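The values are calculated or read from the model by the stated rules, or taken from the named source; none is laboratory data. None of these values were measured; they are calculated from a predicted model. Note: accessible area is taken over every heavy atom of the protein model, side chains too, but ligands, DNA and RNA are not part of it. Shrake-Rupley method; radii C 1.70, N 1.55, O 1.52, S 1.80 Å.
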Amino acid sequence: IPRPETELIVDLVRERVPAGAAPAILDLGTGSGALAVTLALELPAATVTAVDFSSAALAVARANAAALGARVRFVESDWFAALTAGERFGVIVSNPPYVADGDPHLAEGDVRFEPASALASGPAGLDDIVRIVTAAPAFLEPGGWLLLEHGYDQAPAVRELLLAGGFAEVASARDLAGIERITLGRRP
């Protein structure tokens, strides 16, 4: 279920892509395709690839892309696993699972309608983020950006992961409520 903090990723990508540029963009864990479809429509010169391990999620994302006329390539994959070796992207975005296993919020509000695999990610909620940060440099062009949505209290940990992974210009962006919800870094 897309939320305003997910829209913030689109704004941050648009700020980092020069006008008229044609970057290759990767959306990891696309779900309904909200990020991939929006980025394809907002940056029509971009080549957008959307990855999800769920074939059912990809079917929804494909339908959304078709309904809105967005050109997006869809790949069924566990994060980077099914991508071609040597494939590089100028921007990688992800709204991965980031809730701690067993968090009571998983049984509240609209998240009750989401599959648990789309929300929970280990005891601290960081397991999938660690996997993405570790593997992303091999798929990012030099100077490319990684942007990650995360939990309301995870920005310091995600910044540390990016810094430890060799990323530069590491920063967090605040959502409309003033909470750091997106953390990003650039591959040197």
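Per residue, how much accessible area does region 127-188 have with a 1.4 Å probe, in Å²?
44 Å²
Report the full-extension gain for the segment Ala177 to Asp78: residue separation times 0.36 nm, less the Cα-Cα distance, to one decimal in nm.
Length gained, Ala177 through Asp78: 32.4 nm.
Would you mind pulling out the separation of the Cα centroids of region 19-48 and region 78-95, in Å?
First find each Cα centre; the distance between them is then 13 Å.
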